[in-house]
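Heads up: the structure comes next, in structure tokens.
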Amino acid sequence: MSAPDLRTAIREALAEELERDAAVVLLGGCGEDPGGALGYLRERFGPERVLGAPSSGLALAGAAYGAAVAGLRPVFELASADLITLAMDGLVNRAAKFWHVSGGQGTVPLVARAAVGAGCRRGAIDSQSPCSWLQGVPGLKIAFPSSPAEARGLLKGAIRDDNPVVFLEHRRLRFARSAKGPVPEPDGEAIPLGGARVARAGRDLTIVSAGGSVSDALDAADLLAGDGVDAEVLDLRTLRPLDLEAVLESVARTNRLLAVEEGPRLGGWAAGLLGLVAERALHDLDDAWTLTMAELPIPYSPTLEDALLADAGSIVAGVRARLGLAPGVG
Amino acid sequence: MPGLGAAQPEHATAGYLGAYGRMLLIRRFEAAMERLRALGEVQGPIHPYAGREAVAVGVCMALEPADYVSGHDHGHGHALAKGTDPEALAAELLGRETGVCGGRAGAASVIDLQNGLIGCHGTVGGSIAAAVGAGLAAGRRGRVAVAFFGGPSADLGYFHECMGIAAVRRLPVVLVCERDLHAERARGIAGADVAGRAAAHGMPSQVVDGDDLWAVRAAAAAAVARARSGEGPTLLECRARGLDEDSGGAGTMPRDPLAGARERLLADGVAADVLQELERGVEAELDRAVDRALAAPHPDPAGALATEFSPAR
């Protein structure tokens, strides 16, 4: 099938799940709403399924948790992932712990959607990634799709999952090209959470990433092919659970690992992943490193923001340097 | 013995007789847990509920078993009022496998879905959001959701944000602010008008004598009826004079709701020996519950729930 744009992907996933399961409800509508989806869905499914609510992370996350405990499958939208700070009580202190703390009495099948990501000139407080804030919370899943088609399948998987899920929609996916090489796109089906995906197979190097950075890694892999470097690109899809086995399997073949994260290195998921791989498979590694951002808030000025962010060019430059290739070879 | 407030017999005093038994159970349960804590058997904190028993029990008298309740971190009062088995609750505080949450929750976070207790909330104000969320689901099933929260919670964002959602959507929710005026005075935060804040959201509210089981029950019954008929939420500000929390239960109680209920039952014609039999029954049930809980096994660290996530549907 031809890949949808993000707007269509999200709207269709929501519509299909609302259609499939009467317990699914949408809360909010304060977000960037890249589908313009909520107006359309409210008209189609009615105000009892698509509920307006104030732009409050605190109340939305708390109410979504209560609704999920009482039998609904709420999907709510934060205006931006930066505002997840206000939703942390409901998500971290309640939803993530309910299944365990209750002794398995019940689950909290909620989804918190949020636009995320730098590169769109939104400044320090509307560009940052909450991945590392959330990754250390047992019981909370983090889905971070890498393309509109992936977003569609993973959102359906997140809504069907019995556990609470933070679903991060990278802003750059809105501008994603509809086709990216020969990568097979999922056919509108739900993608169960927890498994990584080989976005591009290769033999010489494993580039692990998630969300908006995966397309940078794929572009870099195309450029590196010109150097005779055959890079594998692994799309984690979810940062928790983390499909460590898929990374280990890939590294066992390529012996080199690069983790690309749009976020600071210290406390980030990429650095954590390197530690886990070293612990389990040091014998497989010839080299391992991360490409992250400087330890700084993300600046507004396009000149400054671009200098801070990794892109295909900086991935390629880093790989060439680690492999000892002269710049511009090939 | 009667069902400790769970049943609602036809005779006017009979429901209150059972409710008095439930209040006594909460008071005695708390004292028993404090004794076990002094012995090192209960190791976690226990936040006292003594002096507020009339609020939890009076409100729960107005509820059906399937209705939802969310509590704050003095949650053993809410749990016992809603019908949680005292043995399972004692076992929970003792960290036993037979605890209502398998020993995973402790006193402050008790969950008992079978009895409609969706959770107790140590993060202040969280119970309000939980009940409002449950109210979204409750309306579909003709159920009502009740939040218990302390007076200081009414100063937090949760309170106003959730009142806004509940009022706009006319959710079947009753918000029960349990004011412990003694404790609030000790902390220098007493004096605020909580009930009046509901007007800003177009929500009715009422100040209730939280030391009076009959007054709480009547106010709750009206609010629950309003919620169940689809007319929307109500805020009840229940003013209990309670105990000073900082005195560890040893403080003075200006007007003990438990003693007040006993006097009222006597004045309403309940014979003293009937009360004494009820009281002996409560003590005996509690003793049995604690003995059985103490004899129960501790959870096996290698046992169930060793996985992080619940199995996907």
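Some notes on this structure:
- Pairs are defined by a Cβ separation below 6 Å, a sequence spacing of at least 6 or placement on different chains, a first member in the stretch A:94-112 that is facing chain B (nearest Cβ under 7 Å), and a second member that is charged (D, E, K, R); the pairs so defined are A:His100/B:Arg104; A:Val101/B:Arg104; A:Gly103/B:Arg104; A:Thr107/A:Asp162.
- Some residue of the stretch B:179-194 being of a type outside the set (D, E, K, R), at pLDDT 95 or above and part of a helix (DSSP H, G or I): no
- Residues in the stretch B:67-100 that are within 21 Å of B:Ala50 (Cβ to Cβ), out of contact with any His (no Cβ under 6 Å at 6 or more places or on another chain) and of a type in the set (Asp, Glu): 3 in all.
- Wholly within the stretch B:64-177, helices (runs of 4 or more DSSP H) carrying at least 3 residues that are more than 30 Å from B:Ala302 (Cα to Cα): B:76-82, B:126-138, B:157-168
- Residue count for the stretch B:1-31, restricted to those that are modelled with pLDDT of 65 or more and over 18 Å from B:Gly269 (Cα atoms): 10
- Residues that are in a loop (DSSP other than H, G, I, E, B) and among the basic types (Lys, Arg) within the stretch A:108-125 comprise A:Arg121, A:Arg122, listed in sequence order.
- Residues of the stretch A:126-135 satisfying the condition of being closer than 25 Å to A:Asp243 by Cα, in a loop (DSSP other than H, G, I, E, B) and of a type outside the set (Ser, Thr, Tyr): A:Gln128, A:Pro130, A:Gln135
- Meets criteria (under 21 Å from B:Ala130 (Cα atoms), facing another protein chain (nearest Cβ under 10 Å) and buried (at least 24 other Cβ atoms within 10 Å of the Cβ)) for A:Gly57: yes
- In the stretch A:249-265 there is at least one residue matching the filter, namely being among the hydrophobic types (A, V, I, L, M, F, W, C) and either assigned by TED's automatic domain parsing to the domain that holds A:Gln135 or more than 20 Å from the chain's Cα centre (by Cα) (or both).
Okay, residues lined up against (1) without any contact (Cβ under 8 Å) to a residue 24 or more places away in the chain; (2) crowded, with 20+ Cβ neighbours inside 10 Å; (3) closer than 19 Å to B:Glu161 by Cα:
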position: A:Glu48; (1), (2), (3): yes, no, no
position: A:Ala61; (1), (2), (3): no, yes, yes
position: A:Gly71; (1), (2), (3): no, no, no
position: A:Phe76; (1), (2), (3): no, yes, yes
position: A:Ala81; (1), (2), (3): no, yes, no
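- Residue within the stretch A:286-297 that is in a loop (DSSP other than H, G, I, E, B), within 21 Å of A:Leu168 (Cα to Cα) and either touching a Leu at 6+ places or on another chain (Cβ under 7 Å) or outside the structural domain of A:Ser147 (by TED's automatic domain parsing) (or both) present: yes
- Every listed requirement among (1) more than 14 Å from chain A (Cβ to nearest Cβ); (2) surrounded by fewer than 24 Cβ atoms within 10 Å (Cβ to Cβ); (3) in a loop (DSSP other than H, G, I, E, B) is met by B:Tyr49 save one, (2).
- Check on A:Leu193, touching a Leu at 6+ places or on another chain (Cβ under 9 Å), within 14 Å of another protein chain (Cβ to nearest Cβ) and either modelled with pLDDT of 95 or more or under 21 Å from A:Gln135 (Cβ atoms) (or both): yes
- For the stretch B:126-158, taking the residues that are more than 8 Å from chain A (Cβ to nearest Cβ) and of a type in the set (Gly, Ala, Ser), the one that is surrounded by the fewest Cβ atoms within 10 Å (Cβ to Cβ) is identified as B:Gly142.
- Pairing residues of the stretch A:211-235 that are on the phi > 0 side of the Ramachandran plot with residues that are surrounded by fewer than 24 Cβ atoms within 10 Å (Cβ to Cβ) and outside any helix (DSSP H, G or I), at Cβ distances under 7 Å and at least 6 apart in sequence or on separate chains, gives A:Gly228/A:Gly330.
- The sole residue among B:Leu25, B:Leu89 that is in contact with a helix residue (DSSP H, G or I) (Cβ under 7 Å, 6 or more places away or on another chain), in contact (Cβ under 8 Å) with a residue 12 or more places away in the chain and away from chain A (no Cβ under 14 Å) is B:Leu25.
The values are calculated or read from the model by the stated rules, or taken from the named source; none is laboratory data. Remember, predicted model here, so these are calculated numbers, not experimental data. Here Cβ is always computed from backbone atoms with ideal geometry, including for glycine, and neighbour counts include all displayed protein chains.
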